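Below: one structure, written as C-alpha cells.
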Amino acid sequence: MGREKQTASEIIDLPSLPAEQLMAQQQQMSTLTQDISQRFGDGQLYDRIRIVNEARFYMAQSAEAMLEAGKRLIVLKENEAHGEFIEIVQQQLGLNDRTARLMMQATIKYTSPALDSKRQTFAVLGKSKLFELMVEDDDELVALTDGGTVAGLTLDEVDRMSVRELKLALRESRDNATAQGRLLSDKNSKIDELATKLSARKTHVKVPTPDVEGAEIRKEASAFAFEAESILRGKLHAAFETLLQHSEKSAIPHDDFMAGLLGQLQFTLNQLRGEFSIKEAPDGEAMPAWLREEAPLPAAQEEA
C-alpha cells in the first residue's frame, strides 16, 4: 500500500530527522507548495504583497456584487407580492429572509447620496463588516473614509480587525454613548428642576438681590461639575485601571478605546466652551465690576 502524502502542517521538527529523511520531507514540502501554487495561485511564484492585494480586490468585488444583488432584491420586493417574493428569495436564490433583508438594507445604506461616492472604499472591507457598519450615521461613515474614526477606529484599523472584533468595538461604543446620554439627561433634569425653583422664587414678595441669586446658580452649577469630576476620578478611573490590568494579563491593548472615550469627553467640553464663549482660563476678578466699585464714604469720614 502506498504511503499517504503528508500536508505541510504535518511535517514538523525537520532538523531532528536523519539527513535522508529530512531531504525526502523537504522535497515533499516543495512538491506540496508547487501543487498549491498550481491549483490556487495560477502557477505564479509566491509574493505576499501581490496575494494580499489580490485578496482585497476580490473581497471588494464580493461586497460590490452583494450591493448589486441587493438592488435586484429591492426591485423584486417592490413588484412581487410578499409571499411570491419570499418564495423567490428562498427557492430560486437560495437565501434566507434575514440575509436578503440585510442585503437590501446595506444597498439602501451604501448607495445613498451621502455614501454612494464612497462605495468602492467600503467595498474592500467585505460584506460582513459592511453589515456591522450599517447602524452608524452617514456623516460618521463619510468622515471615516476621509481619515476620521468610528467608535475610535480608523478605516485601516477596521480593515485589519476581524468581524467579531469590529462588532464588539461598535457595541462598546454604543453602550458608552447610551450611558453618556443618560448622564446628560439626568443633568438636564436637574437643570430644569433648578430653573423651576428659580422661577418659583421670582413669585415671592422678597426678590433676591443679583449677587445672592448668582451665588445660588453658581452653587448648583458647581454641584453638577463636582458630580462629573467625581465620576471621572472615581468610576472612569477604576474602569481604566481594570482595562490596564486586563491588557497586562492578556496582551490585548485598550489604549485606542480609552483614547476614544477621553476624546468624546473632550469634544463635549469643547462644545460647551464654544456654545457659551467660555475662555480657556479665568483671567479677571471673580467679583463683578458693580460690586468692586467703591461705595461713597459716610459724611463723618468725608468731613474728617
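Going from the fewest other Cβ atoms within 10 Å to the most, the residues ASP138, ASP156 appear in the order ASP156, ASP138. Computed across the stretch 49-161, the Kirkwood hydrodynamic radius from all distinct Cα-Cα pairs reaches 14.9 Å. Extension gain for PHE224-ASN53 works out to 56.3 nm (0.36 nm per residue, less the C-alpha to C-alpha distance). Residues VAL135, VAL89, ranked from the fewest to the most other C-beta atoms within 10 Å, line up as VAL135, VAL89.
For the stretch 232-283, the spread of Cα coordinates along the three principal axes comes to 45, 19, 16 Å, biggest extent given first. For the stretch 131-186, a Kirkwood radius taken over Cα pairs fed into Stokes-Einstein (37 °C, viscosity 0.692 mPa s) yields D = 275 µm²/s. When each of the peptides 171-182, 144-155, 92-103 is scored by how many other beta carbons lie within 10 Å of its residues on average, the order from highest to lowest is 144-155, 92-103, 171-182.
Extension gain, ALA114 to ARG72: 0.36 nm times the residue separation minus the Cα-Cα distance gives 13.0 nm.
Take each peptide in 266-278, 70-82, count the other Cβ atoms within 10 Å of every residue, and average; sorted highest first, the result is 70-82, 266-278.
Each part gets one Cα centre, and for the stretch 111-190 versus the stretch 64-97 those centres are 27 Å apart. For the stretch 150-275, what log10 I(q)/I(0) values come out of the Debye formula at q = 0.13, 0.14, 0.22 1/Å, with one point per alpha carbon and no solvent? Listed by q, the Debye log ratios stand at -0.71, -0.78, -1.39.
Each reported figure results from applying straightforward, stated rules to the coordinates on display, with no laboratory input. Keep in mind the model is a prediction, meaning the values are calculated, not measured. Backbone-built Cβ (ideal geometry, glycine too); neighbour counts: all protein chains shown.
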